[in-house]
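First the structure, in the form of C-alpha cells, and then the observations on it.
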Amino acid sequence: MEAATPAPRRVLPIVIVVIAVVIGFVSVLALWVKRQALETDTWTETSTELLENETIRNAVGDFAVNALYENVDVQAQIAQALPPRLQPLAGPAAGGLRQATTNIARRLLAQPKVQALWEDANRAAHEKLLALLDDEAQFASTSGGVVTLDLTAIIGEIAGDVGLSGNLVDKLPPEAAQIEILRSDQLSAAQTGVKALRTLAWVLTAITLALFALAIYLGRGRHREVLRAVGFGFVILGALVLLVRNIAGDAVITSLTGTAAAEPPVEATWQIGTSLLLETAESLIAYGVVIILAAWLAGPTSIAVGARRGLTPYIRQPRIAYGTLAALLLLLFWWDPVVATHRLVPSLLLIVFAAIGVEALRRQVIREFPDLVTPQSAQGAAQAMRDRMQEARGRRAARRVPEGAPAAPAADPRVDALERLAALHGAGVLSDAELAAEKERVLASASPPPS
C-alpha cells in the first residue's frame, strides 16, 4: 500500500501559493503606478484618451474659459470696440459671449489640432516631472521645483476662435492657465518613493513568479493539484485588484468632489487613468483560467482522458504540436487581449511558459497512449510493415526447406513488436529517444520462447 504524502508536504505548496498571491498583489499595484506615472509614453497616451472623453473634455473647456474670463476684463475689451452709445451693452454682450465661448471651447477640444496641443502639453509636463524626480533638471531642488500642466496654447486657440485679441492671452498671469502637478515641498518624498517603486516593481514580480514555480516544484507527486492551486491564485489575485480598484475609485471620487455635478469628470478620469490596472486584472484572471483548464486536462476524469486520447495522435508529433502553438500565439499577439502581449519581456515569458506546457502535455499523452498515431502516420507505418513482411516471405520462400526437416522454433513475439516500432520510427511518428524507450519496454516485457 502506497504511503500517504506527509501533511507538511501537502500544505507547504499551498502556503507558498498564498504568499505569492499576497506579494503579487503588491507587485501588480507597484507595476501599474510605475508604468502609469513614470513612463512618458503611457502618461501621454492616457492623457489623450482623457481628452477624447466628452465629460472630461467639457470640464477642461470650462476650466480654460474660466481662466480666460477671471484674468481678462472681457467686458472692457468689448466696450472699447463699441461706439460710445453702445458701450452699456458691453456687460450683456460679455455674458452672452462667455456661454458662446464655452460651447466653442468644447467643440475646439474635440478637434485633432487642439488635442495635439493637449498631448504636447502633457508630454512636456511629464518629461519635466521625470527630470525633477530623477534630479536631472536645472530646477531639481526642494526650494523651487514646481511641475505644471500649461494650457496657455489651448486658451489662446479658444480666444482666437471667438475673436478676442491674442495679446490678451499673453497678459494672463503665469498660474492662470496652468494645472499644478507637483510642488517643491513634495519633491523629496516623491524622489524617494520613485526610487523605491522602480526597484520594488520588478523585484516583487520576480519573487511572485519564483514562489509560484517553487510551489509547483515542491508538490512532487501532486503537480497537477498544485498547478490548479496556482491557477486559482491568479484568479484570486486578479479579483483582488478589481475589488481594490472599485473601492479606491469610490474613495477618490468622494474626496475630490464636493457636489454631484463634479463627479462625472472625476469618475471618468479615474476609469481611464486606471484602465491599465483593469487590463492587468483581467489578464491575471484569464491566465488563471487557462492554468486551471490545463490542470483539468491533465487530470483523471473521463472527459479529460477522452480529450487527451483525441489529441494524442496529433500532439505527439512535434511539428503539429508546436506548429499549432505558434499559430495560436500569432493569433493571440494579433488580438492583443492581455497586457503581456504589450511588452517584450512578458511576451517572451508567455511564449516560454506556453512551450513548457505543450511539451509537458506531449510527454504525458505519449506515456499514456503509446500506440495512438494519426491516420496518415498509421497508413504509412502499416505500408512499411507490409513491405517488410513481403520481403520476409520472399526470403523464406527462397530457402526451400527439405521435407522431414524439424520444425522451426516458434517466432519470438518481440520481433513483431520491434518491427512495428521500427516502422513507426521510419514514418516519423517516434523520435529516436521514444524508439529507444519503447524498445527497452518491449525487450523487458516479453521473454523469448523456449527452443
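The values are calculated or read from the model by the stated rules, or taken from the named source; none is laboratory data. Keep in mind it's a predicted model, so treat the numbers as computed, not measured. All Cβ positions, glycine included, derive from the backbone under ideal geometry; neighbour counts span all protein chains shown.
Laid out as a table, the results:
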{"read-out": "Residue that is touching a Lys or Arg at 6+ places or on another chain (Cβ under 7 Å), in contact (Cβ under 8 Å) with a residue 60 or more places away in the chain and either among the aromatic types (Phe, Trp, Tyr) or crowded, with 17+ Cβ neighbours inside 10 Å (or both), where the choices are Arg316, Arg362", "value": "Arg316"}
{"read-out": "Criterion violated by Pro337 - all others in (1) under 30 Å from Arg35 (Cα atoms); (2) at pLDDT below 65 satisfied", "value": "(2)"}
{"read-out": "Matching residues, the range 327-343, being surrounded by fewer than 13 Cβ atoms within 10 Å (Cβ to Cβ) and either assigned to a helix (DSSP H, G or I) or touching a Cys at 6+ places or on another chain (Cβ under 6 Å) (or both)", "value": "Ala327, Leu328, Leu330, Leu331, Trp334, Trp335"}
{"read-out": "Single residue of the range 179-222 satisfying the filter (modelled with pLDDT under 75 and among the small types (Gly, Ala, Ser)) that is surrounded by the fewest Cβ atoms within 10 Å (Cβ to Cβ)", "value": "Ala189"}
